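This report refers to the structure that appears directly beneath it.
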Amino acid sequence: MWRRARLERCARRAEGPSMRYSKMLIPTVKEVPADAQVISHVLMLRAGLIRKVAAGIYNYLPLGLRVLRKIEQIIREEMVRAGAQELLMPAVNPAELWQESGRWYKYGPELLRFKDRKGADYCVGPTHEEVITALVRGEVRSYKELPLNLFQIQSKFRDEVRPRFGLMRAREFIMKDAYSFDVDEKAAAVCYEGMYRTYCRIFDRCGLRFRAVEADTGNIGGNRSHEFQVLAESGEDAIVACSQCSYAANVEKAAIGAPPVAPAASRPDIPLQKVATPGQRTIDEVASFLKVEPQQIVKSLIYLVDGKPLAALCRGDHEINEVKLRAHLRADEVMLADDATIEQTTHAPCGFAGPVGLDLPIVADQAVAQMFGAVCGANEKDMHFTGLAVPRDVKLQSIGDLRTARAGDTCGRCGGSFELHRGVEVGQVFFLGTKYAAPMKCVYLGEDGKEHPMVMGCYGIGVGRTAAAAIEQNHDDDGIIWPLPIAPCQVHLLSLGPQPEVVQVADRLYHELLEHGVEVLYDDRSERPGVKFKDADLLGIPFRIAIGGKGVAGGYAEWRPRRDRQTVNVPLAVIASHARAAIDSEMRRTPAEIAP
RNA sequence: CGGGGCGUGGCGCAGUCUGGUAGCGCAUCUGCUUUGGGAGCAGAGAGUCGGAGGUUCAAAUCCUCUCGCCCCGACCA
């Protein structure tokens, strides 16, 4: 009963002065916008949800904002349920805080910096670890005041090199960011687990299919992280999931099982031989020229690791993963060497590098360590070696899991095999430890009377990106198919035709739906039916009710869910309660109704 | 930051090579007809051709410089 009351309250608030289409700013467009590359961007523009103001900067129009507010509200409810408190920090941050954490110097041009009238340095916050840490260290002294988990929902700015894909990669974007403060690692780990579960609830409630995957911690630092990936063909991120155990990870991070030890029979002990390969630079060229498979070739890449050259080896059909390489070497920066460095270190042009006799530290992917009878570059123009036996011919500094995971690879946890998915990253949770608390002296007095740094975690959700991901995952050729919990409205009511009795019935039903606590968009425009149908499909409101001349004469309305498009005629007398019941039943399909 | 492309009524584009009255489709407005899957006819309004210099009798068009946007790559929530 409380639930009905709440829904009615929400609907009344949502109704505002009017949800009549004729009075609203819903600028739909027929033509596909020229500069939109991904479907969510196309549909958000076409459905009149957003408009671009500048590169990566958008207006959120009324229907678009309704979606963002729905997502925000779900996040807010679940964060509060998990014990977090909402606050709001400034978008503009003084440079001093960022200098204190060191990120003023490390962050690079993505941090939008500017000066005020006095010439003092400021930035627009791309994230808020500095501000929150400064706040908490100033206000919290004792272990008795911990733990704390504080969050905000706010616009952030990252001056992306290349903003694109609409809200998927904007420069200004709305983000929920939360920061937890605990007395020790153990308590912080409990908090991290709690946030992990909260995130699962949030995306479940949004009605999205997603996977939580192990992730690299990137620049934010810390030692434990999960990304929440909404599964969609068009996702930018590649993730793998084990077919046998629960392990799932970003391909950048996914631990690949060690290859089985090759039997002696498959280790041909043949001599190293230099062969001419004029002009054959790429793996494919060398493979077809020497009539071998790419996996029999050792690919040798020269990297600059914190400025120093190093050779990294992987199999010809594999890809070196720079994230893993950086982690393996405990380096800050890993980048492919330029041609000049390659020629200097290998004494050969790019395309002929090899590990034999190379005067550089060499690291190898685990799959390379057991290669016999292989092919590699000879560090000499137009020459390769055949008969390479890695253990015999190459001095390796170390061996590790250095390549990007692929479908079918062995799971590093259980030995099962990986399936590949694509996803849109909508959230990430980080276990930060004392990375910020220590340098910024965010400390508390413990029971032992001594000062300790607080142990932190941070937890982000891209609100606009979640909306975009929902569209990537839920659309067809005609438009968006919103999951009910985040749809701009629940029911799209259409009046078809100019006959006064049709308008009268539709008007009455509009009010009846509102009285039933239904969020309804009422298309009362004097457009032809075709126009209204097309706009309804484009907007993607989950349920459509059409009132037409025939229906009014026969005493029924036409009910059609957007997703399956199974049209049924429902008597006018019960259509409102039919809608109410359909909404309740659909909402119950989300885990929100599972006991807290 | 490297490479490529584009800036012309609200939107999408043609015109630029070869300088000579700025055009098309959609949208908008008016009228009549039409009303179950983006209607028809008739009429109308709306553009400093991204900006600044220059060449020329004459510049959307040629030259120089700028600004913005998009795509590919490197980088990232």
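Taking A:Ala84, is it within 30 Å of A:Leu146 (Cβ to Cβ) and at pLDDT 90 or above?
Yes, satisfied.
Considering (1) away from RNA strand B (no atom under 15 Å from the Cβ); (2) at positive phi, the lone condition that A:Pro94 does not fulfil carries the number (2). Could we say that A:Ala576 is within 30 Å of A:Thr198 (Cα to Cα), surrounded by 14 or more Cβ atoms within 10 Å (Cβ to Cβ) and more than 10 Å from RNA strand B (Cβ to nearest atom) here? No, not satisfied.
Within region A:270-371, considering only helices (runs of 4 or more DSSP H) that don't extend past its boundaries, which have at least 1 residues that are surrounded by fewer than 17 Cβ atoms within 10 Å (Cβ to Cβ) and within 16 Å of RNA strand B (Cβ to nearest atom)? Explain how you work it out, then say what you get.
Working: elements: A:283-290, A:322-329, A:339-346.
Ranges flagged: A:339-346.
Residues checked against (1) within 16 Å of RNA strand B (Cβ to nearest atom); (2) in contact with a Lys or Arg (Cβ under 7 Å, 6 or more places away or on another chain); (3) among the β-branched types (Val, Ile, Thr):
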position	(1), (2), (3)
A:Gly400	no, no, no
A:Gly433	no, no, no
A:Tyr436	yes, no, no
A:Val463	yes, yes, yes
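Take the conditions (1) at pLDDT below 85; (2) more than 36 Å from the chain's Cα centre (by Cα); (3) on the phi > 0 side of the Ramachandran plot; A:Val261 misses just one of them, which is (3). For A:Gly517, the conditions (1) small (Gly, Ala, Ser); (2) more than 28 Å from A:Asp477 (Cα to Cα); (3) surrounded by fewer than 18 Cβ atoms within 10 Å (Cβ to Cβ) all hold with the exception of (3). Of the set (1) among the basic types (Lys, Arg); (2) buried (at least 18 other Cβ atoms within 10 Å of the Cβ); (3) modelled with pLDDT under 95, all apply to A:Lys550 but (2).
How many residues, within region A:48-64, are surrounded by 15 or more Cβ atoms within 10 Å (Cβ to Cβ) and either in a helix (DSSP H, G or I) or near RNA strand B (Cβ under 9 Å from one of its atoms) (or both)? Selection size over region A:48-64: 4. Screening A:Arg413, A:Arg392, A:Arg422 for residues that are surrounded by fewer than 23 Cβ atoms within 10 Å (Cβ to Cβ) and within 16 Å of RNA strand B (Cβ to nearest atom) leaves exactly one candidate, A:Arg422.
Evaluate the following for A:Asp448: is it closer than 22 Å to A:Gln295 by Cα and acidic (Asp, Glu)?
no
Figure legend. Inter-residue proximity from region A:156-174: first residues more than 7 Å from RNA strand B (Cβ to nearest atom), second residues among the acidic types (Asp, Glu) and assigned to a strand (DSSP E or B), beta-carbon distance below 6 Å, spacing 6+ or different chains. Indicated pairs: A:Phe157/A:Glu172.
If the condition is being more than 31 Å from the chain's Cα centre (by Cα) and more than 13 Å from A:Trp104 (Cα to Cα), then region A:114-136 contributes A:Lys115, A:Asp116, A:Arg117, A:Lys118, A:Gly119, A:Ala120.
Return yes when A:Ser526 is near RNA strand B (Cβ under 9 Å from one of its atoms) and among the polar types (S, T, N, Q) and no when it is not. Criteria met by A:Ser526.
Checked across region A:479-488, the condition of being of a type outside the set (Asp, Glu), part of a loop (DSSP other than H, G, I, E, B) and within 11 Å of RNA strand B (Cβ to nearest atom) holds for no residue.
Within region A:222-240, if we keep just the residues that are out of contact with any Gly (no Cβ under 7 Å at 6 or more places or on another chain) and surrounded by fewer than 20 Cβ atoms within 10 Å (Cβ to Cβ), the residue that is nearest to A:His328 (Cα to Cα) turns out to be A:Arg224.
One line per residue, one yes/no per condition, for (1) out of contact with any Asp or Glu (no Cβ under 9 Å at 6 or more places or on another chain); (2) at pLDDT below 95:
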position: A:Ala5; (1), (2): yes, yes
position: A:Arg12; (1), (2): yes, yes
position: A:Pro17; (1), (2): yes, yes
position: A:Gln37; (1), (2): yes, yes
position: A:His41; (1), (2): no, yes
position: A:Leu65; (1), (2): yes, no
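Set side by side, the residues A:Leu87, A:Leu111, A:Leu45, A:Leu68 differ, and just one is more than 10 Å from RNA strand B (Cβ to nearest atom) and within 29 Å of A:Leu231 (Cβ to Cβ), which is A:Leu68.
The values are calculated or read from the model by the stated rules, or taken from the named source; none is laboratory data. Everything numeric here is computed off the predicted structure, so don't read it as measured data. FYI the Cβ positions are ideal-geometry reconstructions off the backbone, even for glycines, and counts take in every protein chain you see.
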